[in-house]
1. Which three extents, in angstrom, do the Cα atoms of the range 86-166 have along their principal axes, listed largest first?
2. Considering the values (1) 46, 31, 24; (2) 59, 33, 32; (3) 59, 45, 31, which represents Cα extents along the principal axes in Å as calculated for the structure under consideration?
3. Mind checking which of Val74, Val65, Val91 has the largest fluctuation in a GNM of the chain, springs on alpha carbons under 10 Å?
4. Net charge near Ile31: determine it from the other residues with C-beta under 11 Å of the C-beta of Ile31, scoring Lys and Arg +1 and Asp and Glu -1.
5. Run the numbers for Ser100 and Met29: contour at 0.36 nm per residue of separation, minus the present Cα-Cα distance, in nm.
6. Counting only Cα, what are the radius of gyration and maximum Cα-Cα distance Dmax of the range 57-133, in Å?
7. If you count the DSSP beta bridges with both ends in the range 38-179, what percent of them are antiparallel, to the nearest 5?
8. Would you tally the net charge around Cys87, using a Cβ to Cβ cut-off of less than 13 Å, leaving Cys87 out, and scoring K and R as +1, D and E as -1?
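Each value in this text was obtained by applying a stated rule to the coordinates, not by laboratory testing. What you see is a predicted model; the values in this text were computed from it and never measured. Cβ placement follows ideal geometry from the backbone for every residue including glycine, while neighbour counts extend to all protein chains displayed.
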Amino acid sequence: MWLCVSAKIFIFYGFFMLSLYLVRHAKAMAIASTDKERELAPEGREHTAKLGALFTSSLEQPDHVICSSALRTVQTYDVLKQTGLECDSHVIDEGLYNASASYLWDIITRSEAKSLLLIGHNPALSIVLNRLVADEIAPDLMHFPTATIAHISFSDETFRDVTQSSKARLHQMVRGSNL
């Protein structure tokens, strides 16, 4: 029995080799001198902490994190780090703030990580998510709420091999406010 169960697990994980985590920043304060300088709201911090705890209970730790330079995304990353995310390899990317879906796609497909976490903004996150898991399209995928993480895996060996027709699987989409 053990051998059979192990073989199934090996086949499943052997087939889906790459992991991508898309995270939308948490809820931010409405008022700041610029949109880019908006800080996380207390509610946003609370929801992000719940997402961070998933990295100690049910999510694989990523190899690398790419984060938008907006204050709310950097603070989202900081709270994730304080509550369960253990990845120290990260880049703050100026281009992710107000990025297009094409820019996100380029960031993903240039990554050399086997497991990547990207913290950014809508609408680009929703667009990329829906392109990647087009076969699994559902009404709840049309919107990417704040403090939400989507875990996607690919059968490709590297992110450089990923195309919009690659076999991708949405494992889960979790909203911090629902935890």
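1. 34, 27, 25
2. (2)
3. Looking only at Val74, Val65, Val91, the biggest GNM fluctuation is shown by Val91.
4. -2
5. 23.2 nm is the gain from fully extending Ser100 to Met29.
6. 12.1, 32
7. 45 percent
8. Here the charged neighbours net out to -3.
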